[in-house]
Every structure is written in structure tokens, then in C-alpha cells.
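Read the structure below first, then the notes.
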Amino acid sequence: MNSTRVVPASLALLLFATSGPGQTQAPPRVVPGASGTAGSPDPNAPRPIDGVDTVFMEEMTWMEIRDALKAGKDTVIVATGGLEQNGPYLVSAKHNIVLRATTEALARKLGNALVSSIIQFVPEGEIDPPSGHMKYPGTISLSAATFEALLTDVASSLKANGFRTVVFIGDSGGNQAGMKKVAEALSAKWAAAGGPARIHFIPEYYQYPALHEWMEKDLGIRQEDEGLHDDYAISSMMALVDPQSIRLSQRAARGKDSINAVKLSPLSVTQANARRIVEHRVDATIAALRKAMAASK
């Protein structure tokens, strides 16, 4: 069987320099922009290929983002999730998975928006000694200061990219205070500096008690809290993105495919309900965003 041996870069340079007794050979020429170097392409270079249909910036090339901005997509959604314990059935990225559904729907309904990378690292409790979710394996926590610094740099970077409206939403309770604080600080700073950029924190996105009332009224879904840090709204939205993230097949095999006394099977019904839940949350968020934007003019 043929095999290819990987030669370390330092050894490769040595072999090129001393290829034989009394012989020398120049090392290979490094081409600017090649792997491992800092290429500097022309920011105005035309895009050589078609783009793809996505609103997630991390799935786009820099040229696609640039051209989307030029086409009027000058609003960007900065969403915070978390990595934490979520009961015996849901993966630790619960909030991030929910945000994959809600942020895409939000950006597409706004029509002029993209989604920045979902921020997975948020305050989850004290690290040493562990408190809150930090008592459970898999949780990663940030201090409030680190979280606020991260949000500040992310929002400032997006402003520098050319986005005119930055929207903060958070899918976890522990994220709300930090997002509000940073949005208020940057809002004052940007307004004082002049220019068109604005930032808005939209707490109306994270209103689960109101969502549960709507679910009971409009979907006929009444829950009985089982104390598992989980509920039907969360599980159904996760199932819309990835049923494996709520371990649906494994739960069904043990007769545990329900949450808070509401069945999660069949999957088709749960996903249909999830689409309506996502739509309801998006509509509430857009209404609040438009109100905030009007007030900031």
C-alpha cells in the first residue's frame, strides 16, 4: 500500500537547503495569500462565483457578505445562547440550536438582515467554586466582564464592517443583563460619535411565560412542569433543527418521548407546532425592534 509521509515544515526547509554533499538549493517561494500567510486581496475585487442562499455570516465568504451589505442587508443579528446542563434529554447546546431556527426566521422575515455567529459562551455561574450550571459537566461559563467585553468587540466589529443596525437577542435568562448593559453603552457612544449605526437590545425575544400562555391559547398545549430545565417550546424548536439533539428516538424506545406531560411524537406534529412557535417569537421580536428603531430616530 502506498503511503505519504508528512514532513515537518522546518525539516522540509532543511532538505531543500542541503539536498546533497556540497549542494544547496533555495527554499520554495512563499506565495502571498497561500495557506499559512496573510493574503491581502483587493476589497473591491469582483466575486468570481455565485453565492449561496443563507443568512448566516459564518456560512458566507467575505465577498458574499460584502455584496449583501451593498445590496441593503445592513442589519445584523447578534444572538447569545450558551453551553449548559439541560436535563437528561437535551444536548448542552440547547439555546444555540433554538437560535438556529429563530434567527434564520427572523433574518429572512426582516429581509434586510444577516446573522452573526451565535455566541455560545455566556455567564452560566461561578467557575471556582462552581455554582449554577457550572456544577454540571459540559458547562462553560464566562464572567460578566468577559461576556460584556466579548459583546462590545463583536458589535464594534460589525459596525466597522458597515452594518447600520446591530440587534442583540438572548435565548437564556443569564444573558439578558449583560446584553442590555452593552447595548446601552454602545448606543450612547455611537450616537455621540455621529454616523448612522445604531444598536438595540430586544428583551421581548426572551419571554417564555408569555409564550407558554400563547401556546395554551392558540395551540392547546398545556404543560405540567416536571422540573427538568426543559419544556415543550424548547424541545419542539430543537426538534425542528435536529431531532437527535433532544434524543427523540432513544426516548421513544423507552416510552419517554414527552416533556411536561406533552407528547413529542409524532415528530411531524411537534415540528409543525415548532414552526408556529418560531413564527410567533419572530413576530413579537420584529414588532419590538421596529418600535425601538422608531424611538432611536
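Values in this text are rule-based calculations from the coordinates and carry no lab data. In this text, all values refer to a predicted model and were calculated from it rather than measured experimentally. Cβ atoms come from the backbone with ideal geometry, glycine included; neighbour counts cover every protein chain shown.
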Exercise. May I ask you to derive the relative contact order of the chain, considering only C-alpha pairs under 8 Å and at least 6 residues apart, and to give it as an integer percent?
Key: 16 percent
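Shape verdict for the stretch 78-176, please, from the Cα gyration tensor: rounded (a/c under 1.5), prolate (a/b greater than b/c) or oblate.
Values: a/c = 3.36, a/b = 1.52, b/c = 2.21.
Because a/c hits 1.5 or more and a/b fails to exceed b/c, the stretch 78-176 counts as oblate.
Summing -39500 (n - 2.57) over the DSSP H runs of n ≥ 4 in the chain and dividing by its residue number, what mean residue ellipticity at 222 nm do you reach, to the nearest 500 deg cm²/dmol? Write out the running numbers ahead of the final one.
On the way: 9 runs with 124 residues, N = 297.
My calculation for the chain gives -13500 deg cm²/dmol from helical runs alone.
May I ask for the net charge around A239, where only other residues with Cβ less than 14 Å from the Cβ of A239 are counted and Lys, Arg are +1 while Asp, Glu are -1? All intermediate terms of the calculation are to be shown ahead of the outcome.
On the way: positive: K94, R100, R247, R251, K263, R275, R276; negative: D230, D231, D242, D257.
For residues surrounding A239, the net value is +3.
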Practice problem: Find out how many positive minus negative residues lie around A113, taking Lys and Arg as positive, Asp and Glu as negative, among other residues whose Cβ is under 14 Å from that of A113. | Solution: +4
Quiz prompt | Between the stretch 226-273 and the stretch 82-99, the alpha-carbon center distance in angstrom | solution = 13 Å
Practice problem: Please work out which option in (1) 140; (2) 122; (3) 237 gives volume of the Cα convex hull per residue in Å³ calculated from these coordinates, and answer with its label. | Solution: (3)
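To make sure I understand, if each residue's beta carbon is the centre and we count other beta carbons within 10 Å, what order do I65, I77 fall in, fewest to most?
Numbers: I65 19, I77 29.
Going from sparsest to densest Cβ surroundings: I65, I77.
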Quiz item: So, counting K/R as plus one and D/E as minus one, what does the shell of residues with Cβ under 11 Å around S172 add up to?
Solution: -2
Quiz item: In what sequence do T270, T54, T75 fall when counting other Cβ within 10 Å, fewest first?
Solution: T54, T75, T270
Quiz item: Which of the trypsin sites (Lys or Arg not before Pro) found in the stretch 179-267 are in a DSSP loop and have at most 13 neighbouring Cβ atoms, other than their own, within 10 Å?
Solution: R222, R254
